[in-house]
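*Asks:* If you scroll down you'll find the structure; I have some questions about it.
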Amino acid sequence: MSSDSRAQQQLWPAPTRGRNAVNAKVVIPGSKSVTNRALILAAQAEGKSLLRRPLISRDTELMAAGLQSMGIKIEMSKELWTITPSQLKGPAKIDVGNAGTVMRFLPPLSALASADISFDGDPRSYERPLGPVIAALEELGIEIEHGNRYSLPLIVKSKGSIPGGTLTIDASASSQFLSALLLIAPSTTNGITATHQGGPLPSMPHIEMTVEMLRDFGATVEVDSKTNTWSVKSGKLHGQDLVIEPDLSNASPFLSIAMVCGGSITIADWPKSTTQPGDQLREIFTRMGAKVEFVSEGLKISGGDSIHGIDIDLHDVGELTPSIAALAALADSPSHLRGIGHLRLHETDRLAALSHEINALGGNVIEEETSLHITPKSAFGKDLHGGIFHTYDDHRLATAGAVIGLVVPGVEVENVATTRKTLPDFPGLWQSLVL
């Protein structure tokens, strides 16, 4: 089969509904961020942990497989994962895929194993930043073979313990650098005190999530926001029985359906209180013209007569950018999405990808180093045309293409299967709502 034929087979015709109101309830799978943090903490705890309604996707399966390869017992069913911790073993080879949480959270944990643990992943994983985590582990006395590249592939020369201590880290490229160290701090000899020094720290809600989950498992955590310092004491963690919240960031394209097509979408079981960045969609989409309200079944969003452009700093909630950019391309006024330079280091360079793909459909996106300016010519994509929407193996690019395709006929999303990174069956769920 030729490469052109393979490419054609990978194209998914995005369903077009137009301005035909929808009225539906959606059950969003569990949070990837919560599931993978819970797995890391459960692996260190005393006693079993139960994860109810975990996310079952490529990223979480890679995390679970990595833990299993080091001797952690994980019994899996659709609705319940049972984690039985044990002393981490080696040697082992771990595939991180292109999952940021896996490539950043597992190497620190693996230093507690009894022998060498090697890490490899997708080609893009070699390009994603990992250096600050490697350097911090080396500062804590952990030997790592990485050919002086400070990136994947690598081998952690595990010796069964981590001294811990005080260190400085630049987490401006990813909050996961800091979370990776805090999550294993209770299992170190002396705990870890980490101070961030560098550019603005992105995705603060994810760091707050890490702190809250550490405390839920019994860790002692002190936070000094004035000095950007986090201190986690050495101590025992205790197994937990957790219900995993729905992934609110994954809800963004589904909420967008109501804004684009009209009508309403209700996301089941939306938490009233959460550290997930996706919770900020309630305010953002209200500013963009939607009506957002809690109802008995969850969070209900109703579309208005138009989608309004927005000028907003998305530094703390960068993962929401692709869906917001897709809506901005269909809005009735310009948008300025700011503070998102760190998205260039995600699954792909999301700023370059979004500007190129929206412009290829006739849009007007100006890409700057840390922002996007999106100027639609007419509301609801009347000035846009169909075409291939490339995804660059990035799940959030694929869902952005699907949002635009709701009102722009002929949008074909390349490799929609990449959505399995965080959504088990995005195409099936999407079509059940819009067809």
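*Asks:* Of the conditions (1) at pLDDT 95 or above; (2) surrounded by fewer than 20 Cβ atoms within 10 Å (Cβ to Cβ); (3) out of contact with any helix residue (DSSP H, G or I) (no Cβ under 8 Å at 6 or more places or on another chain); (4) on the phi < 0 side of the Ramachandran plot, residue 246 fails just one. Which one is it?
*Replies:* (2)
*Asks:* How many of the residues in the stretch 250-278 are under 20 Å from the mean Cα position of the chain (by Cα), among the small types (Gly, Ala, Ser) and surrounded by 23 or more Cβ atoms within 10 Å (Cβ to Cβ)?
*Replies:* 4
*Asks:* If you scan the stretch 397-422, which residues turn out to be within 19 Å of the chain's Cα centre (by Cα) and more than 24 Å from residue 262 (Cβ to Cβ)?
*Replies:* Residues satisfying the conditions are 397, 415, 416, 417, 418, 419, 420, 421, 422.
*Asks:* Select from the stretch 214-238 the residues that are among the hydrophobic types (A, V, I, L, M, F, W, C), crowded, with 16+ Cβ neighbours inside 10 Å and part of a strand (DSSP E or B) and list them in ascending order.
*Replies:* Passing the criteria: 221, 230, 232.
*Asks:* Identify, by number, the condition in (1) within 30 Å of residue 304 (Cα to Cα); (2) not assigned by TED's automatic domain parsing to the domain that holds residue 291 that residue 187 doesn't meet.
*Replies:* (1)
*Asks:* Given the options 216, 170, name the one that is assigned by TED's automatic domain parsing to the domain that holds residue 236, of a type in the set (Asp, Glu) and touching a helix residue (DSSP H, G or I) at 6+ places or on another chain (Cβ under 6 Å).
*Replies:* Criteria check complete, one pass: 170.
*Asks:* For the stretch 8-25, check the following and say yes or no: at least one residue is surrounded by fewer than 18 Cβ atoms within 10 Å (Cβ to Cβ), modelled with pLDDT under 95 and part of a helix (DSSP H, G or I).
*Replies:* There is at least one residue in the stretch 8-25 that is surrounded by fewer than 18 Cβ atoms within 10 Å (Cβ to Cβ), modelled with pLDDT under 95 and part of a helix (DSSP H, G or I).
*Asks:* In addition: What pairs can you find where one residue is in the stretch 145-167 and charged (D, E, K, R), the other is buried (at least 16 other Cβ atoms within 10 Å of the Cβ), and their Cβ atoms are less than 6 Å apart, with a gap of 6+ or different chains?
*Replies:* If the second residue must be buried (at least 16 other Cβ atoms within 10 Å of the Cβ), the pairs left are 145/155; 157/116.
*Asks:* Oh, and also: For the stretch 348-435, which helices (runs of 4 or more DSSP H) that fit wholly inside it have 3 or more residues that are touching a residue at least 60 places away in the same chain (Cβ under 8 Å)?
*Replies:* Numbers: elements: 350-360, 395-405, 426-434.
The qualifying helices (runs of 4 or more DSSP H) are 395-405, 426-434.
*Asks:* How about the stretch 359-383: which of its residues are surrounded by 23 or more Cβ atoms within 10 Å (Cβ to Cβ) and under 22 Å from the mean Cα position of the chain (by Cα)?
*Replies:* 372
*Asks:* Given the condition part of a helix (DSSP H, G or I), touching a residue at least 12 places away in the same chain (Cβ under 8 Å) and under 18 Å from the mean Cα position of the chain (by Cα), answer yes or no: does some residue in the stretch 106-120 qualify?
*Replies:* Step one: list which residues in the stretch 106-120 are part of a helix (DSSP H, G or I), which gives 106-110.
Cutting the leftovers down to touching a residue at least 12 places away in the same chain (Cβ under 8 Å) gives us 106-110.
Filter once more, keeping what is under 18 Å from the mean Cα position of the chain (by Cα): 106.
Looking for residues that are part of a helix (DSSP H, G or I), touching a residue at least 12 places away in the same chain (Cβ under 8 Å) and under 18 Å from the mean Cα position of the chain (by Cα), one finds at least one in the stretch 106-120, hence yes.
The values are calculated or read from the model by the stated rules, or taken from the named source; none is laboratory data. Quantities reported herein were computed from a predicted structural model and do not represent experimental measurements. Neighbour counts run over all protein chains shown; Cβ positions are idealised from the backbone, glycine included.
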